[in-house]
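To keep things clear, I will list the structure first and then write my remarks on it.
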Amino acid sequence: MNQLPPMPLPESLWGEQWCFASVSAGDILEEFGSRSIPFKKIPDSFVPAKLGLAVTVSIPGVIIYGGKQSLRLARWLNENNPVSLNYIPGAPDGLILQSSSTNPWIVATFTDIDVTAAGKVYQQRKKVSGGVHFLLVQPDHSGITFTGFWLLKDI
């Protein structure tokens, strides 16, 4: 099956902000495993300890601050079953979500050199982590409430 070109994320789902982030491999389950999160997927086979990753390895991820769209975005992501999230260099650079649907999705595009540098670090950390990474949706910057968390792994 041929893969379709990436489609823009529906405008009604856009969050307020997003950023690259990382969590140490040893903290993934502690931070997200037992926490009450409306939409959460942590496949046992992707858990860093089960893959033999050192607890100090940085697991890269993307945080989307969804604001009022947080629940809607997390529900949509859950329905589309995220598989991986990749930084793609280009003009502009982009963040592309691969899902189990036939369409890849453009989560963001950017030209800022600092964001581009962070995107390169994100991809490098994915290599070190054996492709394990995460996507986190939260309504705000408080770090108290999470709406969705997906532990992902490159195929």
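The values are calculated or read from the model by the stated rules, or taken from the named source; none is laboratory data. In this text, all values refer to a predicted model and were calculated from it rather than measured experimentally. Quick reminder, even Gly has a Cβ in these numbers, built from the backbone with ideal geometry, and neighbours come from all protein chains shown.
At a glance:
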{"quantity": "Per-region count, segment 115-146, residues of a type outside the set (S, T, N, Q), surrounded by 20 or more Cβ atoms within 10 Å (Cβ to Cβ) and in a loop (DSSP other than H, G, I, E, B)", "calculated": "2"}
{"quantity": "Members of segment 99-108 found to be crowded, with 19+ Cβ neighbours inside 10 Å and in a strand (DSSP E or B), listed by number", "calculated": "TRP105, VAL107, ALA108"}
{"quantity": "Pairs where the first residue, in segment 42-55, is touching a residue at least 60 places away in the same chain (Cβ under 8 Å) and the second is loosely packed, with under 12 Cβ neighbours inside 10 Å and in a helix (DSSP H, G or I), C-beta under 9 Å, 6+ apart", "calculated": "LEU51/SER45"}
{"quantity": "Residue list for segment 14-53, filter: in a loop (DSSP other than H, G, I, E, B), surrounded by fewer than 14 Cβ atoms within 10 Å (Cβ to Cβ) and not charged (D, E, K, R)", "calculated": "SER34, SER36, PRO43, GLY52"}
{"quantity": "Condition met for GLY61 (closer than 16 Å to PHE146 by Cα, under 14 Å from the mean Cα position of the chain (by Cα) and of a type outside the set (Lys, Arg))", "calculated": "yes"}
{"quantity": "Qualifying positions in segment 1-41 - of a type in the set (Ser, Thr, Tyr), closer than 22 Å to LYS153 by Cβ and in contact (Cβ under 8 Å) with a residue 60 or more places away in the chain", "calculated": "SER22"}
{"quantity": "Residue count, segment 60-70 (criterion: under 20 Å from LYS153 (Cα atoms) and either of a type in the set (A, V, I, L, M, F, W, C) or not in a strand (DSSP E or B) (or both))", "calculated": "3"}
{"quantity": "Odd one out for LEU73, checked against (1) in a helix (DSSP H, G or I); (2) in contact with a Ser or Thr (Cβ under 7 Å, 6 or more places away or on another chain); (3) crowded, with 16+ Cβ neighbours inside 10 Å", "calculated": "(2)"}
{"quantity": "Any hit, segment 97-112, residues being over 17 Å from the mean Cα position of the chain (by Cα), at pLDDT 95 or above and more than 18 Å from VAL137 (Cβ to Cβ)", "calculated": "yes"}
